[in-house]
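Down below is the structure, laid out as structure tokens.
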Amino acid sequence: MNDIAELFARDPLSLTHEDIDSIIERMRQARTQFNLGNIRAGSTKPSKPSKRIEGLEDLLKGIEI
Amino acid sequence: MNSSFDTAGLQFAWDSTSLATWLDCERKYQLTMIENWVPRSRSVHLRFGGHYATALETYHKRRALGEDHETALRNVVETTLVASWSHDRDSEGNRISGTGTAEEFTDNAKTRENLIRTIIWYLEHYKEDTMTTFIKADGIPAVEYSFSLPVDNDIILAGHIDRLVNYAEGIYIQDQKTTGSTISAHYFKQFSPHTQMSLYTFAGRIIYSAPVKGVIIDAAQIAVGFSRFERGITMRTPEQLTEWYEGAMLHIQAARKATKENHFPMRPSSCSNYGGCMFRDVCALSPTVRPNALAADFEKRVWDPLQRR
């Protein structure tokens, strides 16, 4: 069992703040790795989600209901 | 006892779940809302989505009350880990440390670990979001709001709004969805027309006395190795809301009439929707053996639209 699996297998009432921070840090690292994977796939463009949000916001600003 | 039904046994308080069930199939409405049958094991998708929505609601509430990102994030991770662990309880209902096991998620992607991953990744993804929680006139952030709105003919519309937000110079209701599928423009098309989104926009405009334009849907794709997020919006004009309301009231009256007459025919065209109705195997049997099939695979649990979360 690896570190993070061991933390998830433990009674959460026994976890310390350091344990929770460790889980968060490991998840952040996994996210970074996932995002890096996208870049290695060959795209040099900015990530799609932020572009979509800006586009959506601009679109909504002009709509009156 | 279901507080959403009157003494004559007719439903007067309606949420989007019960209304959508009625619109799906009269027999399904009878089995779930009148007879209270639900599957013995709660769907993994409902449990995962429930934990996820609760965590994000809690995070936004804490942030709106002034807590910083890191503290609020740590809190929701901790509370979600506890909420997804089945501790034994003492006589007062408190969790007993050192007991129980992790909640089991019978899905490759929607696991407990991936639930925590999705919460963290979502809050990192939208860390610099321009969307802010709407603060009501009394100074309280509009998060986690269970509403019951009296309308015509002694009917009450009820529901639970995750969060009201300011976004792109407008006011919207925010709703969280999770899916195993890739999120495309097609995914968001399912929300218009859509009972829940229309009801929430309709109710939001009255409850908050604010010109709510529609619902912003933050959808999370949950895969085995990653979680991905997309934001979509479904808007409603006042004319659309009037049209929806008039239709909803007609459907509600029809449901009450059917209940009075105890007349709930099947609607076979709905049996295969959303991966197949949970009652399909029961309805496929001869009527005399259906009670045994229900008792074997289902249990009684009341869905009460007026019950606050």
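Can you name every residue in the stretch B:1-27 that is part of a loop (DSSP other than H, G, I, E, B) and in contact with a Phe, Trp or Tyr (Cβ under 6 Å, 6 or more places away or on another chain)? Quick ask: steps written out before the conclusion?
Quick first cut of the stretch B:1-27, residues part of a loop (DSSP other than H, G, I, E, B) only: B:1-4, B:6-10, B:12, B:15, B:25.
Matches in the stretch B:1-27: B:ASP6 only.
To keep it simple, each residue is scored yes or no on (1) farther than 22 Å from B:ILE252 by Cβ; (2) in a helix (DSSP H, G or I); (3) open to solvent by 50 Å² or more (accessible area, probe 1.4 Å).
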site: B:PRO265; (1), (2), (3): no, no, yes
site: B:CYS277; (1), (2), (3): no, no, no
site: B:LEU285; (1), (2), (3): yes, no, yes
site: B:THR288; (1), (2), (3): yes, yes, yes
site: B:PRO291; (1), (2), (3): yes, yes, yes
site: B:ALA296; (1), (2), (3): yes, yes, yes
site: B:ARG309; (1), (2), (3): yes, no, yes
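What number of residues within the stretch A:31-55 satisfy the criterion of being part of a helix (DSSP H, G or I) and either more than 7 Å from chain B (Cβ to nearest Cβ) or modelled with pLDDT under 75 (or both)? Give the steps one after another, and end with the answer.
Residues of the stretch A:31-55 part of a helix (DSSP H, G or I): A:31-40, A:48-55.
Adding the requirement that they be either more than 7 Å from chain B (Cβ to nearest Cβ) or modelled with pLDDT under 75 (or both) leaves A:32-33, A:35-40, A:48-55.
Qualifying residue count for the region: 16.
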- Determine, yes or no, whether B:SER91 is within 23 Å of the chain's Cα centre (by Cα), more than 9 Å from chain A (Cβ to nearest Cβ) and among the polar types (S, T, N, Q). no
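Answer yes or no as to whether B:LEU46 is without any contact (Cβ under 8 Å) to a residue 60 or more places away in the chain, under 30 Å from B:ALA258 (Cβ atoms) and open to solvent by 20 Å² or more (accessible area, probe 1.4 Å).
On the way: without any contact (Cβ under 8 Å) to a residue 60 or more places away in the chain: yes; under 30 Å from B:ALA258 (Cβ atoms): yes; open to solvent by 20 Å² or more (accessible area, probe 1.4 Å): yes.
Considered against the rule, which asks whether it is without any contact (Cβ under 8 Å) to a residue 60 or more places away in the chain, under 30 Å from B:ALA258 (Cβ atoms) and open to solvent by 20 Å² or more (accessible area, probe 1.4 Å), B:LEU46 comes out as yes.
Could you pull out the residue among B:GLY247, B:GLY170 that is at pLDDT 95 or above and either over 26 Å from B:GLY50 (Cβ atoms) or within 10 Å of chain A (Cβ to nearest Cβ) (or both)? Please lay out each step first, then the result.
Numbers: B:GLY170 fails: at pLDDT 95 or above.
Going through B:GLY247, B:GLY170 in turn, just one is at pLDDT 95 or above and either over 26 Å from B:GLY50 (Cβ atoms) or within 10 Å of chain A (Cβ to nearest Cβ) (or both): B:GLY247.
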- Query: Of the conditions (1) open to solvent by less than 10 Å² (accessible area, probe 1.4 Å); (2) among the aliphatic types (A, V, I, L, M); (3) within 25 Å of B:ALA248 (Cα to Cα); (4) modelled with pLDDT of 95 or more, B:VAL151 fails just one. Which one is it?
  - Reply: (1)
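In the list B:GLN221, B:GLN253, which residue meets the criterion of being under 21 Å from B:PHE48 (Cβ atoms), of a type outside the set (Phe, Trp, Tyr) and away from chain A (no Cβ under 11 Å)?
Details: B:GLN253 fails: under 21 Å from B:PHE48 (Cβ atoms).
Among B:GLN221, B:GLN253, only B:GLN221 is under 21 Å from B:PHE48 (Cβ atoms), of a type outside the set (Phe, Trp, Tyr) and away from chain A (no Cβ under 11 Å).
Of the residues that sit in the stretch B:94-148 and are β-branched (Val, Ile, Thr) and within 30 Å of B:SER209 (Cβ to Cβ), which one is surrounded by the most Cβ atoms within 10 Å (Cβ to Cβ)?
Step one: of the stretch B:94-148, the residues β-branched (Val, Ile, Thr) are B:96, B:99, B:101, B:106, B:111, B:116, B:118-120, B:130, B:132-133, B:135, B:140, B:143.
Right, trim to within 30 Å of B:SER209 (Cβ to Cβ) and you get B:130, B:132-133, B:135, B:140, B:143.
Numbers: B:THR130: 12, B:THR132: 13, B:THR133: 18, B:ILE135: 13, B:ILE140: 12, B:VAL143: 23.
That would be B:VAL143.
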- Message: Which pairs turn up if I take residues in the stretch B:67-80 that are within 10 Å of chain A (Cβ to nearest Cβ) and look for partners that are open to solvent by 10 Å² or more (accessible area, probe 1.4 Å) and acidic (Asp, Glu) with beta carbon separation below 8 Å, at least 6 apart in sequence or on another chain?
- Response: B:ARG74/A:ASP21; B:ASN75/B:GLU67
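The values are calculated or read from the model by the stated rules, or taken from the named source; none is laboratory data. Quick caveat, the model's predicted, so the values are computed rather than measured. In this analysis, Cβ positions are derived from the backbone assuming ideal geometry, glycine residues included, and neighbour counts consider all displayed protein chains. Only protein heavy atoms, including side chains, enter the accessible area calculation; ligands, DNA and RNA are left aside. Shrake-Rupley method; radii C 1.70, N 1.55, O 1.52, S 1.80 Å.
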